[in-house]
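Report on the structure given below.
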Amino acid sequence: QVQLVESGGGLAQPGGSLRLSCAAFGSILSIGVMGWYSRLPGKQRELVAVLTSGSNTNYADSVKVRFTISRENAKNTVYLQMNSLKPEDTAVYYCNADVRTALTPRLTNYWGQGTQVTVSS
């Protein structure tokens with residue numbers, strides 16, 4: 001079994017910054033795509049940013065230039081640097097990863113528990 005543990009959420013002022021982290025734990029052999037999604041109450045999760053193992057990225061139009069996704073493969077960790085935050089960035093942010101383990105040789109998709117980001121003055 002794999003656990004994705006997120007940290008770094010909280011309250012920020014408009015124009016401020018936050019850095020989210022997500023570490024994967026378990027008997028991990030390799031990780032493919034890692035990414036971040038956001039969800040507003042009553043709505044489905046939406047893509048914020050994803051990063052492949054080959055360093056290809058994809059961002060939602062609303063966060064391009066302001067957010068940067070990166071990863072440390074040696075630590076099985078993905079980050080989301082959030083700059084120039086806006087009130088409309090307020091949401092629960094979820095980490096997502098495709099992971100291969102000793103028990104599940106195929107890539108299996110996992111979600112973190114979510115971390116709240118609130119942007120308000």
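As a fraction of the 1.4 Å probe accessible area of segment 55-121, surface on carbon and sulfur atoms comes out at 48 percent. Computed with every protein chain present, the accessible area of Phe67 is close to 10 Å² [probe 1.4 Å]. Excluding ligands, DNA and RNA, the accessible surface per residue across the chain is 55 Å² with a 1.4 Å probe. In a simple Cβ point-charge model (Lys, Arg +1; Asp, Glu -1; nothing else charged), the chain has a dipole of about 100 debye relative to its Cα centre. Estimated at the nearest 10 Å², the accessible area of Thr68 is 70 Å² with a 1.4 Å probe.
The modelled label-to-label distance for the pair Ala102/Ser84, using points 7 Å beyond Cα in the direction of Cβ, is 4.7 nm.
Equivalent-ellipsoid semi-axes for segment 8-53 (Cα gyration tensor, √(5λ), whole Å, largest first): 24, 15, 11.
Annotation: lysines with alpha-carbon distance below 16 angstrom to Lys86 (same-chain offsets under eight excluded): Lys64. Across all directions, the average projected area of the convex hull around the alpha carbons of the chain is 7.1 nm².
The values are calculated or read from the model by the stated rules, or taken from the named source; none is laboratory data. Quantities reported herein were computed from a predicted structural model and do not represent experimental measurements. All Cβ positions, even for glycine, are placed from backbone atoms using ideal geometry, and neighbour counts span all protein chains on display. Remember, those area values only see protein heavy atoms, side chains included, never the ligands or the DNA or RNA. Shrake-Rupley method; radii C 1.70, N 1.55, O 1.52, S 1.80 Å.
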